[in-house]
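The values are calculated or read from the model by the stated rules, or taken from the named source; none is laboratory data. Keep in mind that what you see is a predicted model, and the values were worked out from it rather than measured. Positions of Cβ are generated from backbone atoms using ideal geometry, with glycine treated the same way; all protein chains shown enter the neighbour counts.
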Amino acid sequence: MKLNNAVDAKEFDDVKIGQTNSIALIFTKEEVRKFNQLLFGHSNITDSVPELFLISAATSIDWKSGFSSVTSSYEAEFFLPANPGEKITIERKVTAKDGSKKTIHISLKAFNGKGELIGKGSSVGMLFLDAGVTK
Amino acid sequence: MNNALRKKAEKSFGEGEVQSYAGITGDFNPIHLDKKFAEKTVFKERIVSGALPIGFIHSLYRELLGAEFRLLKQRAKFLGPVYFGEGIVFEAECKVKGKKFLCSSKARTKQGKTVIEENSEIMLKD
């Protein structure tokens, strides 16, 4: 899984509500096989990217972007399967943030290589301000 | 199928699984991997990557339904941390609704504290 164009934010104040970033990902068949084996205990199906793999990728964007955070909740909906080897683009938009609760609310959309919407969702991430926001 | 299918299972997650998960997904979040970092957080020690217990829930659904499935919708709340080596009790349930299944699950510590609430709408693969 290759991640490009990570969000360039180093502090909580850098994140702006409405800020949108897109991240391009490619899931290989081998990654799908390993993911299935580890998460579900089987590795025989590699024809599509598991939805949980997409969720996992989408919800780990914050810390990959420089934040120390953990996902506290998410919602996701899928319309089309994602294919291994295909470029998947995830659009990520900050919809709200709460400094007192140390949370960021994110909306997410995922598109396949044809530009079709394959899924959408939202997540709430909790920041570890006491551990230092930046890595 | 009028009645709900139910399954209960216990599982703990260890160092090997968290390391493997990080290697596969590139998710090297220090809250899962860095002891010193984790000590400074509200959790005080490292916690298991959330996808691991969610993945286990998926495998319970797969066992209940006896087939591979596509996830159409999912909502998950992480209400508390899952620590390394901690035994977690999972309860999963699926009900049929037309061509889909509505499934839900809870994960609790042995002390009875709910750490995950999850529900999914799923469809069997052809």
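Looking only at the stretch B:38-49, which residues are at the interface with chain A (Cβ under 8 Å from one of its Cβ atoms) and more than 21 Å from residue A:124 (Cβ to Cβ)?
B:40
Any residue at all in the stretch A:31-48 that is touching a residue at least 40 places away in the same chain (Cβ under 8 Å), at the interface with chain B (Cβ under 9 Å from one of its Cβ atoms) and buried (at least 23 other Cβ atoms within 10 Å of the Cβ)? First the steps, then the outcome.
First, the residues of the stretch A:31-48 that are touching a residue at least 40 places away in the same chain (Cβ under 8 Å): A:31-32.
From what is left, the residues that are at the interface with chain B (Cβ under 9 Å from one of its Cβ atoms) are A:31.
Keeping just the survivors that are buried (at least 23 other Cβ atoms within 10 Å of the Cβ) gives none.
Taking every residue of the stretch A:31-48 in turn, none turns out to be touching a residue at least 40 places away in the same chain (Cβ under 8 Å), at the interface with chain B (Cβ under 9 Å from one of its Cβ atoms) and buried (at least 23 other Cβ atoms within 10 Å of the Cβ).
What number of residues within the stretch B:104-126 are over 16 Å from the mean Cα position of the chain (by Cα) and touching a residue at least 12 places away in the same chain (Cβ under 8 Å)?
Result for the stretch B:104-126: 3.
Select from the stretch A:88-113 the residues that are surrounded by fewer than 16 Cβ atoms within 10 Å (Cβ to Cβ) and within 30 Å of residue A:33 (Cα to Cα) and list them in ascending order.
A:113 - this is the single residue of the stretch A:88-113 that is surrounded by fewer than 16 Cβ atoms within 10 Å (Cβ to Cβ) and within 30 Å of residue A:33 (Cα to Cα).
Is one or more of the residues making up the stretch B:40-58 assigned to a strand (DSSP E or B), in contact with an Asp or Glu (Cβ under 8 Å, 6 or more places away or on another chain), under 18 Å from residue B:13 (Cβ atoms) and not polar (S, T, N, Q)?
Step one: list which residues in the stretch B:40-58 are assigned to a strand (DSSP E or B), which gives B:47.
Now narrow it down to the ones that are in contact with an Asp or Glu (Cβ under 8 Å, 6 or more places away or on another chain): none.
No: the stretch B:40-58 contains no residue that is assigned to a strand (DSSP E or B), in contact with an Asp or Glu (Cβ under 8 Å, 6 or more places away or on another chain), under 18 Å from residue B:13 (Cβ atoms) and not polar (S, T, N, Q).
Going through B:16, B:85, B:23 one at a time, which residue ends up being among the small types (Gly, Ala, Ser), assigned to a loop (DSSP other than H, G, I, E, B) and either surrounded by fewer than 21 Cβ atoms within 10 Å (Cβ to Cβ) or touching a His at 6+ places or on another chain (Cβ under 8 Å) (or both)? Let's see the steps before the verdict.
Working: B:16 fails: assigned to a loop (DSSP other than H, G, I, E, B); B:23 fails: assigned to a loop (DSSP other than H, G, I, E, B).
Just a single option satisfies the conditions, and that option is B:85.
Is there a residue being farther than 21 Å from residue B:52 by Cα and either modelled with pLDDT of 95 or more or part of a loop (DSSP other than H, G, I, E, B) (or both) anywhere in the stretch A:50-62? Before you say what the answer is, go through the steps one by one.
Step one: of the stretch A:50-62, the residues farther than 21 Å from residue B:52 by Cα are none.
There is no residue in the stretch A:50-62 that is farther than 21 Å from residue B:52 by Cα and either modelled with pLDDT of 95 or more or part of a loop (DSSP other than H, G, I, E, B) (or both).
Residues of the stretch B:88-111 being outside any loop (DSSP other than H, G, I, E, B) and in contact with a Gly (Cβ under 8 Å, 6 or more places away or on another chain), which ones?
Once the filter is applied, which keeps residues that are outside any loop (DSSP other than H, G, I, E, B) and in contact with a Gly (Cβ under 8 Å, 6 or more places away or on another chain), the stretch B:88-111 yields only B:109.
For the stretch B:67-99, which residues satisfy the criterion of being within 18 Å of residue B:43 (Cα to Cα) and within 14 Å of another protein chain (Cβ to nearest Cβ)? Steps first, please.
Applying the first criterion (within 18 Å of residue B:43 (Cα to Cα)) to the stretch B:67-99 yields B:77-88.
B:77, B:78, B:79, B:80, B:81, B:82, B:83, listed by residue number.
Here are the criteria: (1) touching a Leu at 6+ places or on another chain (Cβ under 6 Å); (2) within 11 Å of chain B (Cβ to nearest Cβ). Tell me which single one residue A:122 does not satisfy.
Tallying (1) touching a Leu at 6+ places or on another chain (Cβ under 6 Å); (2) within 11 Å of chain B (Cβ to nearest Cβ), residue A:122 fails exactly one: (1).
Looking at B:102, B:52, B:33, B:64, which is the one that is within 10 Å of chain A (Cβ to nearest Cβ) and of a type in the set (A, V, I, L, M)? It would help to see each step written out before you state the result.
Values: B:102 fails: within 10 Å of chain A (Cβ to nearest Cβ); B:33 fails: within 10 Å of chain A (Cβ to nearest Cβ); B:64 fails: within 10 Å of chain A (Cβ to nearest Cβ).
Only one candidate passes the filter, namely B:52.
Run residue B:33 past the list (1) farther than 17 Å from residue A:40 by Cα; (2) at pLDDT 95 or above; (3) aliphatic (A, V, I, L, M) and report the number of the one that doesn't hold.
Only one criterion in (1) farther than 17 Å from residue A:40 by Cα; (2) at pLDDT 95 or above; (3) aliphatic (A, V, I, L, M) is unmet by residue B:33, namely (2).
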